[in-house]
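Remarks on the structure that follows.
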Amino acid sequence: MRNRILAAASVVLMIALSACGRNNIYADVARFHTNQPINRGTLFIQPADPALANNLEFRTHSESVAVEMRRQGFQTVPAAAQAQYIATLDITQTDGTTITRPGMTVAVPVGPTMIATPVGRGPRNSTERTTTIGVQIKRQADGTQIWEGRASKTASAGSEQATLTWAVPALSGALFNDFPGTPGVTQQVRL
C-alpha cells in the first residue's frame, strides 16, 4: 500500500513540475506579400493613428520595429521624405473574458478511496489581454503595398507579458523572424 502511495505521489510531483515549466511563449504570426523579392532601402515608420506621430510612447515602441527592420537590411530614417518605404505600425491591446484555469486534477489512492487533488499553479479566474502589432510596408514612390504582417500574444492581465514594454519588442522579433515569411499562413513563432 505504501508503494502505491509513493508511486502516486511521484506521478503527482512529476505532473506538477512539468506544469510549472510550461509557458505560453509563442506568438501567432501572419504575413502577406506577393512572393516577389523585397529590395532593401530606406524606411520610415509612422503610426496607424496620425495623432500619435509625436507621441513619446509610440516612438519608443516603433524603435522595437526599427531594430528588427535594420536586422533585415533596411535603413530607418527620421522623415518620410527621406524614405523609399513607409511602414505603418498599429499596436492594439484588448482584454478578454474572465476564464477559469483549475490546473489539472489527479486522483490519488488513499486506502479504498480515491482523492482528487488539484495540481498546477495556473491562474484562477484571471482576465486575459491580447497584444497585437500590425505593420504594413508600402513603396513611397507609387504607394504599392509590398508586405503586411501581424503578430499577437495573449497573456494574463497583470503579468509582465501583458505589458507593452515586454510585448512589443517580443512581437516585433516574432513578426520579422524569417522575413518576409510564408504568405497567407498563420504560424506560431517562439518569442
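In plain terms, the chain from Gln75 to Thr165 could stretch by 30.1 nm, reckoned as 0.36 nm per residue minus the Cα-Cα distance.
Each of Asp142 and Leu56 was given a label point 7 Å from its Cα along the Cα-to-Cβ line. The distance between the two points is 4.2 nm.
Please identify which residues in the stretch 149-191 have an amide N closer than 15 Å to a label point set 7 Å out from the Cα of Glu63, following the Cα→Cβ vector. Only 165-166, 168-170 fall inside the zone, counting backbone N under 15 Å. With the simple model of a label 7 Å out from the Cα in the direction of the Cβ, Arg190 to Asp49 spans 3.5 nm. Spin-label pair Thr34-Gln93: with each label point 7 Å from Cα along the Cα-Cβ axis, the two points sit 3.7 nm from one another. Electrostatic tally near Gln84: other residues with Cβ closer than 14 Å to its Cβ, Lys and Arg +1, Asp and Glu -1, net +2.
Where a number appears in this text, it was derived from the coordinates with a stated rule and is not lab data. Please read all numbers here as calculations on a predicted model, not as lab measurements. Cβ sites come from the backbone with ideal geometry, for glycine too, and all protein chains shown count toward neighbours.
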